[in-house]
Amino acid sequence: MWKEVKSRSTSLLNFKGLVFTCAWILVANGLHAQVFYGKGRPITDFNGTFYRDFYPIQVSGLDSCNQTFGLEKVCFTIQHPRVSDLKIELMAPDGNSIWLSNRNGGENGANYLQTCFAYNAFNGHIFEGAAPFGGTYIPDGRMGIFNEGSNPNGTWFLIIRDLATGKTGELTSWSIQFGTHPVLENESYCTDQNALPCQCPRGNDSCELLPDLIVSYKISDNHKAFYNDEHPRYSNQFRLAAALANVGFGPLEFIGTNIWLCGNDTVEGSVVCDDGEYSRRLVNQMIHVKNGADFEIELRPAGTVYYSDEPGHDHFHADDWVLFKLLKKPWYTRNPAKFRVIKVGSKISYCLFDSGNCTRENEFCQGDSVDFYGPENLPNYGFGTFNACNSDHQGISVGGYDYYGLDFEGQFIQLDKKPKRGSYFIMITVDPENRFAESDESNNTILLPVSF
């Protein structure tokens, strides 16, 4: 059940620059690219209540977005002294939205300067970058959902939410580009509408297509830090990022039931209970059972979801999704089950959706039997697409991962004081209560060596 693996490891954009960039893009893409521009204004500082700034762009005269023409790129310039305060989203006219960048940039990183988001970006994933940001990055969400037959005409919004008080900034400008090289989702011949191409683990014609959850060693190892008792926000906290990937044969997926609870009492929908907590909705795991060319759906109880009103969330979370522990290895054993527990974090609840995809190139999804997971060794790669945090339907696709950054709420172990000097381990476990059925329950935990 345990594994330990080795880590492998300016100026504002002015109008003339915009015109030059646009002209260059049009030439490079055979006059097929079309760029639309939006205006900027100050970003509202956090004041303890839910508030988002909406910055519109009007798009017209385009055909539907598909595999041959669609959204290619989003760019903006933001002047802000601490960009990790900011959650930045893109919303299409039909209401679909994704995260472009959510609380990235580090504790004191400033500014997005002519920063763009596109598929296979030169600078890699935005959460791997450092502020000041510049150039082109892969966003925190999946842009390809906008190019699946939707109508791009209408009002697009860049949505910015400031999540910490005391620092103020401004969106200077932003743009969206459409053309003949659209961002595309990973094509999967295995879909919930077509069972025939879906592969079973042992080549059978019939099987349960179960998910298999793992924790990204690389992401957590690269994004961890201890903050001493003098830190104004994170006093004596060990904070870390986590990405939970599905490397199984079927999507991790749940649907909501009609039962909402305050304690043991049934209530009507999402309400605030007498104890001040939000009511919980019972959910069922949805399992695709392949039978030749057809699917049957099997439902299994899988715990609860609730509405999280913490800054930056304001959507539904699956209860008890990740657990962090700080451990000390005694000299007399190598069995992690016998390591001394120094401190246990809370069981963190997550919204489950696809932040990105496992590939051999990004090396985010490392396994016991393979170096890294990607489309080459996941037969049903791309099965399922999840981009919303609703109470009735969430999940992680085959080959998808769900990323939560170091500065997100709950991503820490609270210590009383700095531990004694020495070597320790951080243990990260996904689905610690085993509420979801998986093809392999033994690989849900990783150990990260850390030193104080």
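The values are calculated or read from the model by the stated rules, or taken from the named source; none is laboratory data. Because the structure is a prediction, the values reported are computed rather than measured. Here the Cβ positions follow ideal geometry from the backbone for every residue, glycine too, while neighbour counts run over all protein chains shown.
One table, with the values for the structure above:
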item: Where a residue in region 147-158 is modelled with pLDDT of 95 or more and hydrophobic (A, V, I, L, M, F, W, C) and its partner, wherever it lies, is surrounded by 18 or more Cβ atoms within 10 Å (Cβ to Cβ) and part of a loop (DSSP other than H, G, I, E, B), with Cβ under 9 Å and at least six apart; result: Trp156/Ala92; Phe157/Ala92
item: Condition broken by Phe364, with the remaining ones in (1) assigned to a strand (DSSP E or B); (2) crowded, with 22+ Cβ neighbours inside 10 Å satisfied; result: (1)
item: Scope region 169-207; condition polar (S, T, N, Q), under 30 Å from Asn153 (Cβ atoms) and not in a loop (DSSP other than H, G, I, E, B); matching residues; result: Thr172, Ser173, Ser175, Gln177, Thr191
item: Residue satisfying condition, being in contact with a Pro (Cβ under 8 Å, 6 or more places away or on another chain), among the hydroxyl-bearing types (Ser, Thr, Tyr), at pLDDT below 95 and not assigned by TED's automatic domain parsing to the domain that holds Gly312, within set Ser64, Ser97; result: Ser64
item: Residue count, region 228-258 (criterion: under 24 Å from the mean Cα position of the chain (by Cα) and part of a strand (DSSP E or B)); result: 14
item: Region 334-375, subset acidic (Asp, Glu) and farther than 22 Å from Asp319 by Cα, residue nearest to the chain's Cα centre (by Cα); result: Glu363
item: Residues within region 71-89 that are under 21 Å from Ala388 (Cα atoms) and buried (at least 24 other Cβ atoms within 10 Å of the Cβ), tallied; result: 4
item: Candidate set from region 141-166 (those that are assigned to a loop (DSSP other than H, G, I, E, B) and touching a helix residue (DSSP H, G or I) at 6+ places or on another chain (Cβ under 6 Å)); member that is nearest to Leu244 (Cα to Cα); result: Leu163
item: Flag for Leu327 being aliphatic (A, V, I, L, M), surrounded by 18 or more Cβ atoms within 10 Å (Cβ to Cβ) and closer than 30 Å to Arg421 by Cα; result: yes
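Conditions tested, residue by residue: (1) assigned to a loop (DSSP other than H, G, I, E, B); (2) out of contact with any Asp or Glu (no Cβ under 9 Å at 6 or more places or on another chain); (3) at positive phi.
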{"residue": "Ser369", "(1), (2), (3)": "yes, yes, no"}
{"residue": "Phe372", "(1), (2), (3)": "yes, no, no"}
{"residue": "Phe383", "(1), (2), (3)": "yes, no, no"}
{"residue": "Asn390", "(1), (2), (3)": "yes, yes, no"}
{"residue": "Ile428", "(1), (2), (3)": "no, yes, no"}
